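Chemist: Take this structure first; my questions come after.
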Amino acid sequence: MSGWKRGIRANLPIAPSVVAYGGVLGVLAAQKSIAWTHIMALNVFLFAGSAQFVLVDMWTAPLPVLEMALAALIVNLRYLLIGASLKDLFRGQGLFRRLTFMHLVADENWAMTMVAVRKGEGDVFHLLGGGVFLLLVWSSGTMLGMYLGGVIPDPEVLALDFAFTAVFTALAASLWQGRQDLLPWIVAIAAAVLTERFVDGKWYILVGGMLGAVCAAFLPEPKKDGKPTEPQHHEEAA
């Protein structure tokens with residue numbers, strides 16, 4: 001099976017949550033009388049759910065364009081960390097391909113690709129297939145939400161606002177590798193919670209991710225069979 005098809009298949013289980021989450025965005029956009037063409041433009045050219053929610057929340061006339069751009073930048077700074085984690089996967093790819101692949105990276109298909117990489121099944125086309133699939137699913141959800149915007153005045157009534165939390169909880173569980181992840185996760189969660197509590201804006205996303213990554217970087221390599229992992233040396237044949 002090609003990487004493209006594996007990427008689509010890996011993201012199939014989370015499609016309902018993505019549709020529901022996109023539907024919430026569509027409902028909120030409809031309540032603000034935002035044109036469907038504007039939402040589709042955000043889907044195609046931004047394709048970042050969290051940032052799109054922030055922009056829809058800030059959508060008032062006249063549009064605060066500069067403030068909206070800065071808010072989207074802050075929310076999406078976590079993609080610097082995601083891009084760094086894809087360095088080995090992108091090796092050998094040209095700049096245009098890298099930019100195309102990164103544009104179609106969402107938290108979900110990135111997580112599924114990382115799981116596949118650990119199994120020896122992940123490649124850039126796994127990432128791309130999942131990204132294109134999620135873009136279509138996300139856009140379908142937002143359009144459905146806009147259509148139903150007048151019917152569902154409050155997404156919380158049907159617990160649609162929980163879709164985001166549910167899908168990311170499942171993704172986090174799939175990325176868990178064992179006890180060596182415990183301390184970085186605790187650091188990331190604590191940093192994010194404290195930052196969200198005391199700092200305005202969406203900085204908690206970046207702070208939590210950065211401090212969790214720094215913590216993981218300074219931890220010793222996990223042990224194998226009770227012994228520390230050591231670099232392997234290959235002897236040349238005599």
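The values are calculated or read from the model by the stated rules, or taken from the named source; none is laboratory data. Quick caveat: nothing in here was measured; it's all calculated off a predicted structure. Ideal geometry is used to build each Cβ from the backbone, glycine not excepted, and the neighbour counts take in all protein chains shown.
Chemist: Return the pairs, sorted by first residue and then second, in which the second residue is surrounded by 14 or more Cβ atoms within 10 Å (Cβ to Cβ) and modelled with pLDDT under 80, the first residue lies in the stretch 54-79 and is farther than 20 Å from A192 by Cβ, the beta carbons are less than 6 Å apart, and the residues are 6+ apart or on different chains.
Modeler: If the second residue must be surrounded by 14 or more Cβ atoms within 10 Å (Cβ to Cβ) and modelled with pLDDT under 80, no pairs are left.
Chemist: Name the pairs whose Cβ atoms lie under 7 Å apart, with the first residue in the stretch 195-218 and farther than 10 Å from R78 by Cα, the second among the aromatic types (F, W, Y) and part of a helix (DSSP H, G or I), and 6 or more positions between them or separate chains?
Modeler: These pairs meet every condition: T195/W203; T195/Y204; E196/Y204; G212/W185.
Chemist: Tell me, which residue of the stretch 5-44 that is surrounded by 15 or more Cβ atoms within 10 Å (Cβ to Cβ) and of a type in the set (V, I, T) is farthest from G131 (Cα to Cα)?
Modeler: I34
Chemist: Is one or more of the residues making up the stretch 74-96 in a helix (DSSP H, G or I), farther than 22 Å from A213 by Cα and β-branched (V, I, T)?
Modeler: The answer is no, given that none of the residues of the stretch 74-96 is in a helix (DSSP H, G or I), farther than 22 Å from A213 by Cα and β-branched (V, I, T).
Chemist: Further question: Only one residue in F53, F101 is within 14 Å of G129 (Cα to Cα), assigned to a helix (DSSP H, G or I), under 15 Å from the mean Cα position of the chain (by Cα) and among the aromatic types (F, W, Y), so which one is that? Outline the logic, then answer.
Modeler: Working: F53 fails: within 14 Å of G129 (Cα to Cα).
None of the other options fit; the residue is F101.
Chemist: Within the stretch 129-187, count every residue that is at pLDDT below 65, farther than 17 Å from L42 by Cβ and in contact with a Phe, Trp or Tyr (Cβ under 6 Å, 6 or more places away or on another chain).
Modeler: Going through the stretch 129-187 one residue at a time, the tally reaches 1.
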